[in-house]
Structures are given as structure tokens and as C-alpha cells.
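Trainee: The structure that follows is given in the form of C-alpha cells.
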Amino acid sequence: MPSKFKQLLESIAREKAPGPSITFSVLHMLRAMELIAEKTVGRSRLSEELKVGEGAVRTIIGRLKSSGLITTSKMGCALTSKGLKIWNEYKLIFRKKVEIEKGELMPANFNIAILVKNYGHKAKSGIEQRDAAIKVGAKGATTIIFKEGRLIIPSVSNDAAKDFPNIANQIIKLLQPEENDVIVIGSADSLDTAEYGTMAATWALLGDC
């Protein structure tokens, strides 16, 4: 299912339209879906949260609406039954998102972690996730796999609990990973950029599914 959701949002984001080139990416579409899923939200708040202009927000809303994912009213934007269904399926994979304290492994001021359920087989060296985060302005991303009761950081640590106990303790307490889960942590000097960095990194983890 994540592949269908990924393909759907990417196709919506790629749609060509007359006028100036678009100033948003598939990550803005994803973040918009997340905000709308939390509660009915208006255009001005979406613009503020997404850090894009109202013109771009109008386009995002229009595309999500024409795809049957959201509906609009005087109250704002809300998910349709179709939008809610695929969002809930997406959340079965992307279970939790939390902020991780600055530490030795993540020296940036802000670090956002997402638990990706049962995707350890997709995680390789972590370089793709790091590069994806850097492309959107983050300082990088750290990919951690929970395997055989240990937090493993490819090419860095076979047991993060021993090498980076503070970070490992936070991950275990806040995210409660299970076998084959992946934790992706995006790091940046602002909360928004860290969030987009993590989203970009997890999006790269999905690959072509």
C-alpha cells in the first residue's frame, strides 16, 4: 500500500499546470495531508505550516481535492473517506513521530524521528536517506534498524545502546521499536527543516516498494 500512496502523491505533485513553475514538492503534499488528518484546517494555516505562499497552497488544495482526497468548506479542508482510508493505511507503516534531544550522534539543534514499521529489509547503508534529507536543507539523516533486540546504525554501530546510550534510550522509550522496524532521524538547525528532512529520508526509504 505505501507504494500506491507514494505514487499517488508523486503523480499529483508532478501535474503540469499553466503559469509559473510550482514552488512545492511531494513533501508539501504529504505534510498537508498530515495536517488535514489532524483536524479541519484553513488555507492560511496551511500556508503558515507548509512555509509556502498562498498561491502554492491553493494549488496543493486544488490537486488534493480533484484527486478525491480532501473536501473543502468554510471551515477549511478535511479528508474525504478515500483520503482517510489511505492516510490510515499510511499510518500503519509510519507509526510514530517524535523529537529527539540533541546528542553526540545528532549534534544539530533539532532532530525529528519517525518509526517506519517492518521496513528493516529496505534499509541499506543509510546514505540514500542522508542524501535525501540534505537535498531539502537538513544537515542529514540517521537510519537505525532494530534487529535481534539491538539498535543497529549501518556502518556506524552494531549496538547503539552501548555506543550512544542517550539516543538509544530515547528511541526505545519514545518509539518502542520491534523486530525489523526502522527509525529515521532528520537533523537540522530549525524544527521545520528537521521535519522535512525526516520526511524526505523516509520517502527515500520507501523507494519503489
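Trainee: Select from the range 93-149 the residues that are assigned to a loop (DSSP other than H, G, I, E, B) and aromatic (Phe, Trp, Tyr) and list them in ascending order.
Mentor: Result: TYR119, single match.
Trainee: If you don't mind, another one. Only one of these is of a type outside the set (Lys, Arg), assigned to a helix (DSSP H, G or I), at pLDDT below 90 and closer than 19 Å to GLY197 by Cα: GLU10, GLU34, GLU49. Name it. Full working, then the answer.
Mentor: Working: GLU34 fails: at pLDDT below 90; GLU49 fails: at pLDDT below 90.
That would be GLU10, the only listed residue that is of a type outside the set (Lys, Arg), assigned to a helix (DSSP H, G or I), at pLDDT below 90 and closer than 19 Å to GLY197 by Cα.
Trainee: Here is a follow-up. Going by the structure shown, is ILE22 modelled with pLDDT under 90, part of a helix (DSSP H, G or I), surrounded by 17 or more Cβ atoms within 10 Å (Cβ to Cβ) and β-branched (Val, Ile, Thr)? Break it down into steps so the answer makes sense when it comes.
Mentor: Working: modelled with pLDDT under 90: yes; part of a helix (DSSP H, G or I): no; surrounded by 17 or more Cβ atoms within 10 Å (Cβ to Cβ): yes; β-branched (Val, Ile, Thr): yes.
Answer is no for this residue.
Trainee: Could you figure out which of (1) surrounded by fewer than 16 Cβ atoms within 10 Å (Cβ to Cβ); (2) more than 17 Å from the chain's Cα centre (by Cα) isn't true of GLU89?
Mentor: (2)
One line per residue, one yes/no per condition, for (1) surrounded by 15 or more Cβ atoms within 10 Å (Cβ to Cβ); (2) more than 18 Å from VAL116 (Cα to Cα):
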| residue | (1), (2) |
| --- | --- |
| PRO154 | yes, no |
| ASN158 | no, yes |
| ALA161 | yes, yes |
| VAL184 | yes, no |
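Trainee: Which condition breaks for ALA138 when tested against (1) within 19 Å of LEU205 (Cβ to Cβ); (2) surrounded by fewer than 18 Cβ atoms within 10 Å (Cβ to Cβ)?
Mentor: Going through (1) within 19 Å of LEU205 (Cβ to Cβ); (2) surrounded by fewer than 18 Cβ atoms within 10 Å (Cβ to Cβ) one by one, ALA138 breaks only (2).
Trainee: Can you name the number of the only condition in (1) crowded, with 16+ Cβ neighbours inside 10 Å; (2) under 16 Å from ALA168 (Cβ atoms) that GLU104 fails?
Mentor: So GLU104 meets the others, but not (1).
The values are calculated or read from the model by the stated rules, or taken from the named source; none is laboratory data. The shown structure was predicted, so the numbers you read here are calculated from the model rather than taken from an experiment. All Cβ positions, even for glycine, are placed from backbone atoms using ideal geometry, and neighbour counts span all protein chains on display.
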